[in-house]
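Beneath this line is the structure, given in structure tokens, with notes to follow.
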Amino acid sequence: MEKKTYTKAHSKGRNLLDKLYSPHRDDQGGWVVQIVGKKGSGKTAATLSFLNNALHKYPTERVWFSECLNAALQCFKLNPDDVQLFAEKDKIVFRDRDRKMKPTNRLDVIEFTDIEDLYEKSIPGKVNVPFFESRTTWLDLVAYLTHDVGEWQHVFIDEMNELTPAGAGEVWRDNAWFSSVLKDARKSFVSLYWNTQMAEQLDWRVRKMAMMKIFLPGSQTSNRDRTWQNSVWSLQQDDKKGNEFWIEETGGYYGKCRLTDIWKPRKGYHFDAHPTYREGDYYCKKCDRKHKVNSRKGQEHLKYAR
């Protein structure tokens, strides 16, 4: 992250970044940060930058990263030696994109049976990247870290809209429960960062818990944000220098910064993680019924699998 002061807006942006980078205070708890931007604006890059900072600033604490299933892994844009993969036992298969998506055993993967087992096997000072058969189990993991651990945790979630989408039925009830978890997380020893393309894709009770917001190029603001939409449209994008972004504290001031960390795919580390549904179907939380994995609807709603 760039911290040079150019204007008053840059000075305020630097102060807000300093707040995020400030040492822990047990009486104040952690941060809940929302990163918004269009595809290609640097959402994942921003998330990895904050993650990398936490990893090296707090080497004795646990850092967690939630990757998307059925998509290219982003964690290996970091130093692979800093990454430790975990997989729910017998429920995840890793595939190599360089070998026509064939299953691979080249990765060092630790299997776990439940959340308690995962936490016991997790490693402080590493990027712990667990994969569950249903990605929404991450909500249970965040709740566990918030209520049952009592140690500082740093959680980073890619595409939060897959976990807490705006919706009705069981999804609505899960989001109501998770918003209460976030309320507790803001007062406990958990710092949580997530990204999404549009804030409106998230349940309103979840997104309102964000204490700090980052607007990358192409993002949309609301009338509740202090950052104006015209200001977002004026943000510069540069593949070499990095993209500009606005950062604001909820109910406070806002400023401008530039994302200078460029994270690129690493040669030889092009992998995906896929769930292995043993019976060929799964229960969809959105539709409240089962889908066949190989059906069109089954593929579209994999992110809602339970």
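Is it true that some residue in segment 97-114 is outside any helix (DSSP H, G or I) and in contact with a helix residue (DSSP H, G or I) (Cβ under 6 Å, 6 or more places away or on another chain)? Looking through segment 97-114, at least one residue is outside any helix (DSSP H, G or I) and in contact with a helix residue (DSSP H, G or I) (Cβ under 6 Å, 6 or more places away or on another chain). Could you go through segment 15-30 and let me know if any residue there is surrounded by fewer than 18 Cβ atoms within 10 Å (Cβ to Cβ) and of a type in the set (F, W, Y). Taking every residue of segment 15-30 in turn, at least one turns out to be surrounded by fewer than 18 Cβ atoms within 10 Å (Cβ to Cβ) and of a type in the set (F, W, Y).
Put simply, of S66, S41 the only residue that is touching a Phe, Trp or Tyr at 6+ places or on another chain (Cβ under 8 Å) and in contact (Cβ under 8 Å) with a residue 60 or more places away in the chain is S66.
Taken as a whole, the condition of being touching a helix residue (DSSP H, G or I) at 6+ places or on another chain (Cβ under 9 Å), within 21 Å of W31 (Cβ to Cβ) and surrounded by fewer than 23 Cβ atoms within 10 Å (Cβ to Cβ) does not apply to S219. Of all residue pairs spaced 6 or more apart or on separate chains, those with beta-carbon atoms under 6 Å, a first member in segment 87-115 that is free of Cβ contacts under 8 Å to residues at least 60 places away in the same chain and a second member that is among the aromatic types (F, W, Y) and in a strand (DSSP E or B) are I110/F86; F112/F86. Of all residue pairs spaced 6 or more apart or on separate chains, those with beta-carbon atoms under 7 Å, a first member in segment 260-273 that is under 12 Å from A72 (Cα atoms) and a second member that is of a type in the set (G, A, S) are H270/A72; D272/A71; D272/A72.
Here are some residues: S191, S219. Which one is closer than 20 Å to L20 by Cβ, small (G, A, S) and in a strand (DSSP E or B)? Outline the logic, then answer.
On the way: S219 fails: in a strand (DSSP E or B).
Of the residues listed, the single one that is closer than 20 Å to L20 by Cβ, small (G, A, S) and in a strand (DSSP E or B) is S191.
Every condition in (1) closer than 30 Å to R99 by Cβ; (2) surrounded by fewer than 18 Cβ atoms within 10 Å (Cβ to Cβ); (3) not aromatic (F, W, Y) is met by N195 except one, and the failing one is (2).
Kindly provide the set of residues from segment 91-106 that are farther than 22 Å from F132 by Cβ and surrounded by fewer than 11 Cβ atoms within 10 Å (Cβ to Cβ), ordered by number.
Step one: of segment 91-106, the residues farther than 22 Å from F132 by Cβ are 98-100, 102.
Answer for segment 91-106, where residues must be farther than 22 Å from F132 by Cβ and surrounded by fewer than 11 Cβ atoms within 10 Å (Cβ to Cβ): K100, K102.
Would segment 24-35 turn up any residue that is modelled with pLDDT under 90, among the acidic types (D, E) and farther than 19 Å from V190 by Cβ? No, the conditions are met nowhere in segment 24-35.
Could you tell me which of the residues E200, E244, E249 is modelled with pLDDT of 90 or more, exposed (fewer than 15 other Cβ atoms within 10 Å of the Cβ) and either over 18 Å from the mean Cα position of the chain (by Cα) or within 24 Å of K38 (Cβ to Cβ) (or both)?
Details: E244 fails: exposed (fewer than 15 other Cβ atoms within 10 Å of the Cβ); E249 fails: exposed (fewer than 15 other Cβ atoms within 10 Å of the Cβ).
Step by step, each of E200, E244, E249 is checked, and only E200 is modelled with pLDDT of 90 or more, exposed (fewer than 15 other Cβ atoms within 10 Å of the Cβ) and either over 18 Å from the mean Cα position of the chain (by Cα) or within 24 Å of K38 (Cβ to Cβ) (or both).
When the strands (runs of 3 or more DSSP E) confined to segment 1-90 are screened for residues that are within 30 Å of P103 (Cβ to Cβ) and charged (D, E, K, R), those reaching at least 1 such residues are found at 62-66, 83-88.
Taken over segment 128-142, the residue count meeting the criterion of being over 23 Å from Q197 (Cβ atoms), surrounded by 19 or more Cβ atoms within 10 Å (Cβ to Cβ) and out of contact with any Ser or Thr (no Cβ under 6 Å at 6 or more places or on another chain) is 2.
What are the residue pairs meeting all of these: first residue in segment 227-238, first residue without any contact (Cβ under 8 Å) to a residue 60 or more places away in the chain, second residue surrounded by 14 or more Cβ atoms within 10 Å (Cβ to Cβ) and aliphatic (A, V, I, L, M), Cβ atoms under 8 Å, and 6 or more apart or on different chains? Close Cβ pairs (under 8 Å, with a partner that is surrounded by 14 or more Cβ atoms within 10 Å (Cβ to Cβ) and aliphatic (A, V, I, L, M)) amount to L235/L216.
Applying the condition of being assigned to a helix (DSSP H, G or I), touching a residue at least 12 places away in the same chain (Cβ under 8 Å) and polar (S, T, N, Q) to segment 151-188 and asking which residue is surrounded by the fewest Cβ atoms within 10 Å (Cβ to Cβ) yields S179.
The values are calculated or read from the model by the stated rules, or taken from the named source; none is laboratory data. Treat the numbers as computed from the prediction; the structure is a model and nothing was measured. A quick note on method: Cβ atoms are made from the backbone with ideal geometry, for glycine too, and the neighbour counts reach across all protein chains shown.
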